[in-house]
Amino acid sequence: MAHAYDSARQQFADWGVDTEAALAALAAIPISMHCWQGDDVKGFERKSGTAGGGIQATGNHPGRARNVAELRADMEFAYAQIPGKHRLNLHAFYMDTDESPDRDAIEYRHFAPWVEWAKSRGLGLDFNPTFFAHPKADDNLTLSHPDAGIRDFWVEHGKRSREIAAQMGAALGSPVVNNVWVPDGSKDTPVDRMAARRRLEASLDAMMATPLPKTQMRDAVESKLFGIGVESCTVGSHEFYLGYAIRRGIILCLDMGHFHPTENVADKLSSVALSVDELLLHVSRPVRWDSDHVVLLNDDLLAMAQELVFADLLGRTHIGLDFFDATISRTAAWVIGTRNMQKALLRALLLPQARLKAAEEALDYTTRLILTEEAKDLPFAAVWEEFCARADVPTGAALLARLATYQTSVAQRG
């Protein structure tokens, strides 16, 4: 192993790339792993409505987490297979309490056990108000609902979520990204899109009216192209939230599954980064729509990672995952997806960036193309193996065996 890495290190050095610097940079990048992969986006409330907005985990593979204890055990196993220090992205309907508060009555104490658990394991937390899977969201309208009473209910939920996120950030000493996504939209063609968007804007303004310390909590908003049940209009479109994030000076979330499958989401980063200070990235993989497949080490992911590195956006971007596949081992999905994001980042960090940019600046596109293609043959895998070895996590057949053994241990859950 050491010989393979030493050889790879020299090959990269010949291209002007320092593998040790790349490994150090990768180790400093936390990925926010999403809790909802572990239980198929069901949450732990005692009452709920339909998911809505196109959210649907398909499949019935055995091993779904049925309670907080099982979910935490699964996540602990997954984190142990992933090199580096990371975060947990928590949705509001994953509270840990014997109480049954409605969404407009949640408080920090309902999530305090999550904070203590995260603290004991050196994890950061991120948070999301849950604007779906509730009777008052079954018509796919929340913050833009024509009924002021329903809007007020969801505004209050959003306010409390922000306060909870801020308290989490204060307790952990790390700011929590509080991301707002709503399923609001229309199955058929609306006649007054403006009215719905004005209501959404006013609700967001009311929800975020109270300033909270950025050292504790950061507001983010997330757009979507469409979903099942909202095929003809999504109120919170990309254009809506881009403008809103700029006006409010908050984080813009780009979800790789929330655009047309043929759109290059990586290409959007350098454009929006000129107008917003911070970005939130939800790493997902659409196949036909926002189908939230486990991310692969494919061209889309590699392009996203390269843009983050080459545009110097890592320090301004919060990276999270968002997929939910119930046809495979849920713990394996976490491990594969998170490690693929890391692999993509490592490959970007190991590219001869200075030489590539110099060729482009000189309009020497031939050299740029040669460099780009020849770099594909560099021994990235040996550097990744070294990264995992230093973190004492398995790769290859050893990883497969460990994932299979754990899946066998949880399969009796049904």
ask   = Name the residues in the stretch 368-411 that are under 30 Å from residue 357 (Cβ atoms) and in contact (Cβ under 8 Å) with a residue 24 or more places away in the chain, would you?
value = 375, 378, 379, 380, 382, 383, 384, 385, 386, 387, 388, 390
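Here is a yes/no grid of residues against (1) over 21 Å from the mean Cα position of the chain (by Cα); (2) assigned to a helix (DSSP H, G or I); (3) under 21 Å from residue 35 (Cα atoms):
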site	(1), (2), (3)
104	yes, yes, no
122	no, no, yes
131	no, no, yes
145	yes, no, no
150	yes, yes, no
160	yes, yes, yes
165	no, yes, yes
message = Looking at the stretch 240-253 only, could you name the residues that are under 20 Å from the mean Cα position of the chain (by Cα) and not hydroxyl-bearing (Ser, Thr, Tyr)?
response = 242, 245, 250, 251, 252, 253
ask   = If you go through the stretch 53-89, how many residues are more than 23 Å from residue 346 (Cα to Cα) and among the basic types (Lys, Arg)?
value = 3
query = What are the residues in the stretch 372-414 that are touching a Gly at 6+ places or on another chain (Cβ under 8 Å) and either basic (Lys, Arg) or not in a helix (DSSP H, G or I) (or both), if any?
reply = 391, 413
Residue 46 surrounded by fewer than 20 Cβ atoms within 10 Å (Cβ to Cβ) and at pLDDT below 95 = yes
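Per-residue answers, yes or no, for (1) closer than 23 Å to residue 21 by Cβ; (2) not in a loop (DSSP other than H, G, I, E, B):
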| site | (1), (2) |
| --- | --- |
| 254 | no, yes |
| 257 | no, no |
| 271 | no, yes |
| 288 | no, no |
| 318 | yes, yes |
| 340 | yes, yes |
| 351 | yes, no |
| 356 | yes, yes |
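Mind counting the residues in the stretch 131-143 that are within 14 Å of residue 90 (Cα to Cα) and either surrounded by fewer than 23 Cβ atoms within 10 Å (Cβ to Cβ) or of a type in the set (Lys, Arg) (or both)?
To start, the set of residues in the stretch 131-143 that are within 14 Å of residue 90 (Cα to Cα) comprises 131.
With either surrounded by fewer than 23 Cβ atoms within 10 Å (Cβ to Cβ) or of a type in the set (Lys, Arg) (or both) added as a condition, the list becomes none.
Here the count works out to 0.
Free of Cβ contacts under 8 Å to residues at least 60 places away in the same chain, on the phi < 0 side of the Ramachandran plot and not acidic (Asp, Glu): which single residue out of 80, 137, 148 fits that description? Talk me through it step by step, then tell me what you get.
Working: 80 fails: free of Cβ contacts under 8 Å to residues at least 60 places away in the same chain; 137 fails: free of Cβ contacts under 8 Å to residues at least 60 places away in the same chain.
After applying the criteria, what remains is 148.
Of these, 279, 313, 321, which one is farther than 23 Å from residue 74 by Cα, surrounded by 20 or more Cβ atoms within 10 Å (Cβ to Cβ), at pLDDT 95 or above and in contact with a strand residue (DSSP E or B) (Cβ under 9 Å, 6 or more places away or on another chain)?
Working: 313 fails: surrounded by 20 or more Cβ atoms within 10 Å (Cβ to Cβ); 321 fails: farther than 23 Å from residue 74 by Cα.
Unique residue meeting the criteria: 279.
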task = Tell me which of these residue 210 doesn't satisfy, since it passes every other one: (1) surrounded by fewer than 23 Cβ atoms within 10 Å (Cβ to Cβ); (2) under 15 Å from the mean Cα position of the chain (by Cα); (3) within 17 Å of residue 180 (Cβ to Cβ).
result = (2)
ask   = Restricting attention to the stretch 288-297, does a residue exist that is free of Cβ contacts under 8 Å to residues at least 24 places away in the same chain and on the phi < 0 side of the Ramachandran plot?
value = no
Members of the stretch 180-201 that are under 14 Å from residue 143 (Cβ atoms), touching a residue at least 24 places away in the same chain (Cβ under 8 Å) and either out of contact with any Pro (no Cβ under 9 Å at 6 or more places or on another chain) or not in a helix (DSSP H, G or I) (or both) = 180, 181, 182, 183, 184, 185, 197, 200, 201
ask   = If you go through the stretch 63-109 one residue at a time, how many are small (Gly, Ala, Ser), surrounded by fewer than 21 Cβ atoms within 10 Å (Cβ to Cβ), touching an Asp or Glu at 6+ places or on another chain (Cβ under 9 Å) and over 16 Å from residue 162 (Cβ atoms)?
value = 1
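The values are calculated or read from the model by the stated rules, or taken from the named source; none is laboratory data. What you are looking at is a predicted structure, and each value in this text was computed from that prediction instead of being measured. Positions of Cβ are generated from backbone atoms using ideal geometry, with glycine treated the same way; all protein chains shown enter the neighbour counts.
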